[in-house]
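Taken together, the values in this text are just the output of simple stated rules run on the coordinates, not laboratory data. Owing to the predicted nature of the structure, the values given are computational and were not obtained by experimental measurement. Glycine also receives a Cβ, built like all others from the backbone with ideal geometry; neighbour counts cover every protein chain displayed.
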Amino acid sequence: MRTAASTFAQGVDLSLYIIAGISIFFLLGITAVMIYFVFRYNKKRNPKSSHIEGNNTIEVVWTAVPTILVMVMFYFGWLGFRPMRTVPDNAMEITAYGQMWKFSFEYPDGLLTDSLVIPIHQPVKLNLQSRDVLHSFFIPAFRIKEDLVPGKNNYMWFEATTEGRYDIMCAEYCGQLHSYMLTSVTVVSQEQYDAWLGKASVKTDIHPGLAIMKQNACFTCHTTDGSKLIGPSLKGIYGKKEVVETNGVEREVTIDDTYIRESIKQPNADVVKGYAKGLMIPYDQVLNDEQISDIIDYMKTL
Ligand SMILES: [Cu+2]
């Protein structure tokens, strides 16, 4: 059996087994009756078919029994689902952002990470936000899945019961590099968590522009080694001349502060020739001017 590592796992598994059990019972039962009827009532054994007028008892039975079964499935489904929407008051809050094509996390003290680390036996509430299209946040080992809907604040919560590292994946096909959204949640003891938080919160010595770019999934589409992915490579980009398309008209630009700044804020206004439009979201609501300056500063080093 697959790892079950949250307080929800038992309830979800129970309803799954009940529904699967009922389905298998009827699949086998109905198939057996069908095969029996094929032999019992074929032309040789039953040359003249009889017309049956109706039978109140059978009609009541085949209405009542499925209704009860469906209500049983609903009851166990509801029993498992209701607690998932009721967040305990002591839950720790983390924001999870989904974007093409990366999940990222923001801890209460502002710490930004690519994967989740959480303490065991601690309720965690994830505020789910999408920066572009529909994504779906799925942790199979926790038996939870919830959509990240652009323009809507959704949430999920869970309490991990077993230490370990578990997959997080996007369960809603969100474009070409959908599979890149794979990341993980690591469940550790409270002491290990405190130690990790202390270490992770310390400022690293990487370039602030690089840190912002990593956080915003820039390198999913742009390389720094000259190779071509979804968007142009950033190698030697600063000061380079490029042909861009502005409102359907081609023109040559020099890539300077203004061009980079505008291309981050409104990427679809001047698209470099040969690249598709509409794949990058406008970052004017995501990054402030200072962050963009850090990025430009970093690009100059590439
Ligand atoms: Cu996705």
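Which FRET efficiency, nearest 0.05, do THR301 and GLN10 yield, Cβ-Cβ r, R0 41 Å?
It comes out at approximately 0.20.
Considering only DSSP beta bridges where both residues belong to the chain, give the percentage that are antiparallel (nearest 5).
Looking only at bridges with both residues in the chain, the antiparallel portion is about 75 percent.
Would you mind pulling out the separation of the Cα centroids of the range 218-261 and the range 2-53, in Å?
If you average the Cα positions of each part, the centres end up 60 Å apart.
Quick one: Karplus J couplings for the range 43-56, per residue in order, coefficients 6.51, -1.76, 1.60, θ = phi - 60°, nearest Hz, x for Gly and Pro?
Ordered by residue, 3J(HN,Hα) equals 4, 5, 7, 9, x, 10, 6, 9, 9, 9, 6, x, 8, 4 Hz.
Calculate the dipole size of the chain relative to its Cα centre from +1 charges on Lys and Arg beta carbons and -1 charges on Asp and Glu beta carbons; express the result in debye to the nearest 20.
Magnitude of the dipole: close to 1800 debye.
State the answer as a single residue: which of TRP78, ILE212, ILE295 lies farthest towards the positive end of the charge dipole of the chain, with beta carbon charges of +1 for Lys and Arg and -1 for Asp and Glu, about the Cα centre.
Checked the options; the winner is TRP78.
Search the structure for amide H atoms under 5 Å from the amide H of ASN154, placed 1.01 Å from N in the peptide plane, and list their residues when 5 or more places away or on another chain.
LEU128, VAL149
Classify the range 137-187: rounded, prolate or oblate, from the alpha-carbon gyration tensor (a ≥ b ≥ c, eigenvalue square roots; a/c under 1.5 rounded; otherwise prolate if a/b is larger than b/c)?
oblate
Would you kindly derive the ³J(HN,Hα) couplings of the range 131-136 from the backbone phi angles with the Karplus curve 6.51 cos²θ - 1.76 cosθ + 1.60 (θ = phi - 60°), listing them in order in whole Hz, with x for Gly and Pro?
8, 9, 10, 5, 10, 9
Could you rank the peptides 140-150, 95-105, 226-236, 176-186 by their average count of other C-beta atoms within 10 Å per residue, with the highest value first?
95-105, 140-150, 176-186, 226-236
Apply the Kirkwood formula to the chain: the hydrodynamic radius equals the inverse of the mean of 1/r over all pairs of different alpha-carbon atoms; give it in Å with one decimal.
23.7
Could you give the dipole magnitude of the range 183-302 about its Cα centre, charging the beta-carbon of Lys and Arg +1 and that of Asp and Glu -1, in debye to the nearest 20?
360
Which of the lysines could a cross-linker span from LYS228 if the Cα-Cα distance has to be under 20 Å and same-chain partners fewer than 8 positions apart are dropped?
Of all the lysines, those that pass the test against LYS228 - Cα under 20 Å, at least 8 places apart if same chain - are LYS102, LYS214, LYS240, LYS241, LYS273, LYS277, LYS300.
Which whole-number percent gives the relative contact order of the range 92-201, counting Cα pairs below 8 Å spaced six or more residues apart?
The normalised contact order for the range 92-201 reaches 29 percent.
Once you have the alpha carbon radius of gyration of the range 141-276, what is it after dividing by 2.2 N^0.38 Å, with N set to its residue count?
Output field value: 1.40.
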